[in-house]
Amino acid sequence: MMTDSRFFRRENGTYDTVCLQIDGVQTHARATDTVAAALLAFGPAPTRTTGISQSPRTPFCMMGACFDCLVTIDGRPNQQACMITVQDGMCITHQAGFRPLEEPHDG
Amino acid sequence: MAKPDLIIIGAGPAGMAAAATAANGGLKVHLLDDQPAAGGQVYRNITRNQDRLTHLGPEYTKGIPLADALDHPNITHVAGAAVWRIDDTPTVWYSLHGKSHAIHADHVLIATGAQERPVPFAGWTLPGVMPAGAAQILMKSSDLLPKDAVLAGSGPLLYLIAVQMIEAGQPPVAMVETQTPQMMMRAVRHLPRALLDRQQIFKGLAMLRKIRAARIPRYTAAHSFKAQIQDDLLDFEFTSKGETHHLKCALVLSHQGIIPATHLTRSAGIPHKWHKAQQCWHPDHDTEGRTARPGLWVAGDSAGILGADAARAQGVITANAIICAVRGLRPSIASHVNAHAINHRNRAQAIRAFLDAAYAVPPEINTPPDDTILCRCEEITAGTIRQAIHDGATELRHLKTATRIGMGPCQGRQCDLSLTHMLAAQTQRPIATVGMPRARSPVRPVSLGEIAALEQTD
């Protein structure tokens with residue numbers, strides 16, 4: 001199985017980093033990364049499956065125009081990963097299909 | 001919050017130039033932008049990168065003075081604000097950190113820029129297939145370079161990204177170009193005008209030289225793209241000059257130019273026009289950016305694709321026209337003040353007609369084969385749309401009702417254009433008479449709780 005990210009991080013000076021949990025795995029990202037960038041840097045695995053055919057997707061347009069990067073962040077589903085900056089302690093999980101309607105949701 | 005004279009939506013080249021011009025002219029400006037820092041996509045993350053990422057080239061650093069100029073007492077820059085509605089009066093509604101606000105000004109300038117043209121082909125939804133511009137955003141915003149990537153498609157941005165990857169030491173494994181010799185022949189008649197700005201031609205030729213010097217394998221007149229997963233990698237299939245090729249790669253980065261982001265302008269009721277050469281819709285406007293809706297103005301690529309330099313000039317032109325409107329000055333004064341910016345814009349856009357013809361959209365992108373997904377959200381294929389048209393659908397809204405195309409979270413941003421092309425082709429109508437799908441607010445996702453808790457600010 002492909003385990004390496006499809007992207008290579010250029011090391012160029014020092015950067016502030018934050019700690020994250022991605023699908024239960026502790027990792028870190030640059031403090032200025034979007035969640036989508038952090039996910040792509042972390043690995044090649046699908047970050048969601050679609051609601052219609054359960055097909056795998058990863059972040060696509062990186063500018064808020066496609067919604068393929070929807071993930072669950074700190075328990076809140078349907079978060080647009082490419083429009084949200086990472087924060088220390090953030091817990092990001094793969095989103096399987098549509099957000100369940102019965103899910104308690106405070107937004 | 002005091003009522004601003006002008007609300008600008010989008011802090012790209014047009015929005016930033018307009019904000020600085022209006023602020024220097026004494027207007028109180030509210031600049032709303034959905035990114036954490038100013039720059040738009042072309043100068044994305046410029047305030048943090050400054051001139052450190054030399055592989056991005058000198059054009060990128062043109063964003064530095066534009067972003068610096070936003071540090072002005074008359075400018076309130078609201079970063080991370082997602083505008084989801086504009087209505088009459090005009091009032092702008094936006095979401096910021098989970099809370100929505102409404103703000104009113106007599107003038108609103110929409111400078112929301114462009115998005116990449118969706119490029120549907122079999123397998124374009126697979127992990128590892130991305131728009132090339134998305135990979136460039138990752139280079140700018142996170143210092144992430146694509147590994148083992150094939151660049152596929154057409155357009156000046158594709159070459160720029162190839163050069164940036166070469167300069168960064170991670171060259172693309174191949175370039176698969178849809179450009180045909182016929183396209184270049186059709187472009188030749190636009191060359192005399194393009195020569196008005198020789199610098200741009202030289203820059204283009206220099207890019208091609210670098211790609212050649214790096215010995216990147218290039219396939220031209222390519223078509224019939226297909227991506228599949230094979231042994232965890234992508235198998236990218238295409239035909240070039242009568243021969244079918246397969247490339248194994250981690251990433252396929254596709255690109256067919258950019259199109260105006262029109263959800264906001266459409267939902268605000270601004271009439272739009274079809275641009276035949278650029279194969280896209282854009283809001284109708286006069287040379288200063290006025291639209292048919294009182295108080296609503298457009299500038300930059302969201303008004304029609306002209307590129308970053310022209311967008312910056314147009315931002316200045318429109319801001320000066322707005323200053324005249326606010327101060328009750330005759331519009332002719334704006335055209336005098338704008339003489340320099342108009343020159344600059346005209347020079348910057350001199351090459352556009354040449355580029356539009358030379359890197360024309362291949363027809364198969366507009367009307368892809370039956371098994372290709374058009375609507376990524378609802379997973380509707382081209383075949384399903386053809387069947388629905390065959391069954392009697394004659395308008396875009398019929399197709400939406402019959403198939404749910406365009407009704408997912410992206411609100412049609414990835415399928416509107418293909419859908420319009422397919423309906424026009426199959427019903428043998430010009431695309432301008434097919435029209436474009438309605439865009440309705442909220443044009444960005446916003447929770448009901450957020451709308452319910454809304455506080456109006458005047």
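In what order do B:His104, B:His340, B:His97 fall by count of nearby beta-carbon atoms within 10 Å, going from fewest to most?
With the fewest neighbours first, B:His104, B:His340, B:His97 line up as B:His97, B:His340, B:His104.
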Roughly what % antiparallel, to the nearest 5, for the DSSP beta bridges in the range B:152-272?
65
Give, in nm to one decimal, the length gained when the segment between B:Ala339 and B:Gln426 is fully stretched (0.36 nm per residue of separation minus the Cα-Cα distance).
26.7 nm
From the residues A:Pro56, A:Ala36, A:Ile22, which one has its Cα farthest along the dipole of chain A in the positive direction, the dipole being from +1 and -1 charges on Cβ of Lys/Arg and Asp/Glu about the Cα centre?
A:Pro56
Sorted by average packing, counted as other Cβ atoms within 10 angstrom per residue and highest first, what order do B:131-143, B:23-35 take?
B:131-143, B:23-35
Which distance in nm do the two modelled labels at B:Leu195 and B:Gln228 give, with both placed 7 Å along the Cα-to-Cβ direction?
5.0
Mean-position separation - Cα centroids, the range B:14-61 and the range A:1-30, in angstrom:
27
So which of B:Lys62/B:Lys203; B:Lys62/B:Lys276; B:Lys62/B:Lys140; B:Lys147/B:Lys248 end up more than 20 Å apart by C-alpha?
B:Lys62/B:Lys276
How well do other chains shield peptide B:143-149, expressed as the mean number of their Cβ atoms within 10 Å of each residue Cβ?
6
Which of B:Arg266, B:Arg48 comes first, and how do the rest follow, when ranked by fewest Cβ neighbours within 10 Å?
B:Arg48, B:Arg266
Tell me the Rg and the Dmax, in Å, that the Cα atoms of the range A:17-95 produce.
11.4, 36
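Taking all pairs of different Cα atoms in the range B:1-59, averaging 1/r and flipping that mean, what Kirkwood radius in angstroms comes out? If you can, show how the numbers build up before the last one.
Numbers: mean 1/r = 0.0800 Å⁻¹.
For the range B:1-59, the Kirkwood estimate is 12.5 Å.
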In debye, nearest 20: dipole of chain B around its Cα centre with unit charges on the Cβ of K, R (+) and D, E (-)?
1080
Assuming a viscosity of 0.890 mPa s and a temperature of 25 °C, what translational diffusion coefficient in µm² per second does Stokes-Einstein assign to chain B, Rh being the Kirkwood radius over Cα pairs?
107
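Compute and list, largest first, the equivalent-ellipsoid semi-axes of the range B:367-434 from the alpha carbon gyration tensor, each √(5λ) rounded to a whole angstrom.
In descending order the semi-axes read 17, 12, 11 Å.
What number comes out for the charge environment of B:Gln199, summing +1 per Lys or Arg and -1 per Asp or Glu over other residues with Cβ under 14 Å away?
Details: positive: B:Lys62, B:Arg198, B:Lys203, B:Arg347; negative: B:Glu59, B:Asp197, B:Asp309.
With Lys, Arg at +1 and Asp, Glu at -1, the net is +1.
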Sum -39500 (n - 2.57) across every DSSP H segment of at least 4 residues in chain B, then divide by the residue count to get the 222 nm mean residue ellipticity, nearest 500.
-10000 deg cm²/dmol
Tell me, how many Å apart are the Cα centres for the range B:220-241 and for the range B:357-387?
16
Please compute, for peptide A:30-41, the average count of beta-carbon atoms on other protein chains lying within 10 Å of each residue's beta-carbon.
4
Straight-line reach from B:Lys273: which aspartates and glutamates have a Cα under 20 Å away, not including same-chain ones fewer than 8 places off?
B:Glu116, B:Asp284, B:Asp286, B:Glu288, B:Asp301, B:Asp356, B:Glu395, B:Asp416
Net charge near B:Arg440, counting Lys/Arg +1 and Asp/Glu -1 over other residues with Cβ under 11 Å of its Cβ?
+3
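Which value, in Å³ per residue, describes the convex hull spanned by the Cα atoms of the range B:118-256?
119
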Where is the GNM fluctuation largest for chain A (alpha-carbon springs, 10 angstrom cutoff): A:Pro59, A:Pro44, A:Pro77?
A:Pro44
Straight-line reach check, B:Lys28, cutoff 17 Å on alpha carbons, 8 or more apart in-chain or any other chain, hits among lysines -> B:Lys3
State the Cα centre-to-centre distance between the range B:72-148 and the range A:35-107 in whole Å.
17
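Bear in mind that the values in this text are calculations on the coordinates, not laboratory data. Quantities reported herein were computed from a predicted structural model and do not represent experimental measurements. Cβ coordinates were reconstructed from backbone atoms using ideal geometry, including for glycine residues, and neighbour counts include every protein chain displayed.
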